[in-house]
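Data first, discussion second: the structure below is written as structure tokens.
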Amino acid sequence: MRTALLQSSGRPGSVVENLKVLDEAAGRAAAAGAGLVAAPEMFLTGYAIGDDIARLAEPADGDSADAIAEIATRHGVAVVYGYPEREGETVYNSAQLISADGTRLANYRKTHLFGCFERDHFTPGEQPVVQADLNGLRVGLMICYDVEFPENVRAHALAGTDLLVVPTAQMHPFQFVAESVVPVRAFENQMYVAYVNRVGQEGEFEFVGLSTLAGPDGIARTRAGRGEELVLADTDPHFLAASREANPYLKDRRPGLYGSLV
């Protein structure tokens, strides 16, 4: 499945404008043969928007989800996007996967919040592994800081995730995560990892771009620069199966030794 990574901060504070940016990118991705386009963490509203996070938060099945389902259906491409999710009085930092026929397949709430900013505005999610089947692959969702915890990604590996999609808001000076950590996570867990970032200055944060899709061999199939960009790469289930057969990490685990980790 060809996967497109939309590296953009959109138009922080404007849901309408961000839907337009996503619509245009979905059209370009579909024209390039993509089956999935992924947008960054909090793409729907913007990340560094303070109290507007709560004001703009929507239910998982809200108006924006309907609008994105229409975009997905019109272009014939699945979409992953980050957004602030409201459930009652609680707000989560969430990511949702909508299929090319407009079906909401999976919704994930960020489990590891980063820094005071996120802890002030969000409640952490409690479900570490969220997956859905898409175009012959088992797609898992995670958000930014979550991927920096090896236990998190290993849980996805043990649950059979083939492609882990990670909308992110990776900021300076932590660009080594995109450059080094993400390819290592893909290799040690024998999966594809798509890490799609925001870019440029936003409030107090400087987002570093470098969106990456890494394969189970630890090699980046595509890597964006520091500007707004749409990059594409293929996830190959046959290569993944061969890599898993050749790499013994998961088979050679000794879980009985790891009890002290929890």
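The values are calculated or read from the model by the stated rules, or taken from the named source; none is laboratory data. Quick caveat, the model's predicted, so the values are computed rather than measured. So basically every Cβ, Gly included, is an ideal-geometry build from the backbone, and we count neighbours across all protein chains shown. Each accessible area value is taken on the protein alone, full model and side chains, heavy atoms only, with ligands, DNA and RNA left out. Shrake-Rupley method; radii C 1.70, N 1.55, O 1.52, S 1.80 Å.
Of note:
- Neighbour count of at most 12 Cβ within 10 Å plus DSSP loop: longest GluC sites (Glu not before Pro)-free window in the chain: 1-88
- Cβ-derived FRET efficiency at R0 35 Å, THR103 paired with ASP217, nearest 0.05: 0.65
- 1.4 Å probe accessible area per residue over the range 182-227, in Å²: 30
- Solvent-accessible area per residue in the range 1-108 equals 34 Å², computed with a 1.4 angstrom probe and all protein chains kept.
- Each of PRO167, TYR145, LEU134 was scored by the projection of its Cα onto the charge dipole of the chain, and the greatest displacement toward the positive side belongs to LEU134; charges sit on the C-beta of Lys, Arg, Asp and Glu.
- For the range 1-96, the Cβ-based charge dipole about the Cα centre amounts to some 520 debye (Lys, Arg positive; Asp, Glu negative; other atoms uncharged).
- The range 1-39-the range 44-69 distance, computed between alpha-carbon centres (Å): 16
- Net dipole in debye of the chain [+1 Lys, Arg Cβ; -1 Asp, Glu Cβ; about Cα centre; nearest 20]: 740
- Heavy-atom accessible area with a 1.4 Å probe sorts CYS116, CYS144, largest first, into CYS116, CYS144.
- Since only PHE239, ALA29, SER94 are under comparison, the one whose Cα sits farthest along the positive direction of the charge dipole of the chain, derived from C-beta charges on Lys, Arg, Asp and Glu, is PHE239.
- Between the residues VAL199, THR111, ALA220, the greatest Cα displacement towards the positive end of the dipole of the range 99-226, with unit charges on the Cβ of Lys, Arg, Asp and Glu, is found for ALA220.
- Taking the longest Cα principal axis of the chain as reference, the axis of helix 15-31 is set at about 50 degrees.
- Carbon and sulfur %, accessible surface of the range 117-255 computed with the full protein complex present, 1.4 Å: 52
- Degrees between helix 63-75 axis and first principal axis of the chain (Cα, 0 to 90, nearest 10): 70
- Dipole magnitude for the range 46-103: about 220 debye, using +1 per Lys or Arg Cβ and -1 per Asp or Glu Cβ, origin at the Cα centre.
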